[in-house]
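Below is one structure, written out as structure tokens; comments come after it.
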Amino acid sequence: MQPSFLIASPQMTDRWFEKTVVLLCQHDEDGALGLVINREGPVGIGDVLERMDLPGGAPDQPTLWGGPVSESSGFVLWRGRADDDEGWNPGDQVAVSPSADRLESLAQAGQRFHLALGYAGWGPGQLEGEIEGGSWLVADIDGELVMEAPIEQRYDRALALLGLSASQVWMSPVSD
């Protein structure tokens, strides 16, 4: 599966992923990795930079809660392109990197970015099974939705990419 948006079925009741939009960054025979892009994280970006003792100005915005795995890990999202050895380029000019150096350079340059703490992960074949079982809808990545849309609008706007609203979708998702 190519990098894409995973949009939780409106009927999903899983406490981690109910009404989430996940930016799928990597998917291969070893599993998948993605970042939830529509939930605020527990701290602000400025707090993270301060704790890491990184210079540079930070936008006055919250982090994103990227998912339940390794919530102390950070992934910076920005418009541009990640180097091949530093991260992913999932699509529509959105780049993702776990690099503290990239975080520092974006903060110092005053470039707009988001910082996701934690990630969503799936083992081999797990994501495919969840999609087939009705847990996720798949849509093309929209960079404007990732970088500009207000967090609270991202779920509905992701569904709209498919020409849908939550009231028009009925699926039988996995609810762990």
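None of the figures in this text is laboratory data; all of them are computed from the coordinates on show. What you see is a predicted model; the values in this text were computed from it and never measured.
Miscellaneous remarks
- Share antiparallel - DSSP beta bridges, the chain, percent rounded to 5: 95
- Radius of gyration and Dmax over the Cα atoms of the chain, both given in Å: 15.7, 48
- Look at the alpha carbon pairs under 8 Å that are at least 6 residues apart: their mean separation over the length of segment 39-176 gives a relative contact order of 24 percent.
- Calculated [θ] (222 nm, deg cm²/dmol) that DSSP helices of n ≥ 4 give over the chain, each run adding -39,500 (n - 2.57): -5500 deg cm²/dmol
- Separation of segment 41-111 from segment 125-176 is 23 Å, based on Cα centroids.
- For segment 35-120, the Cα-based Rg and Dmax, in that order, read 11.7, 32 Å.
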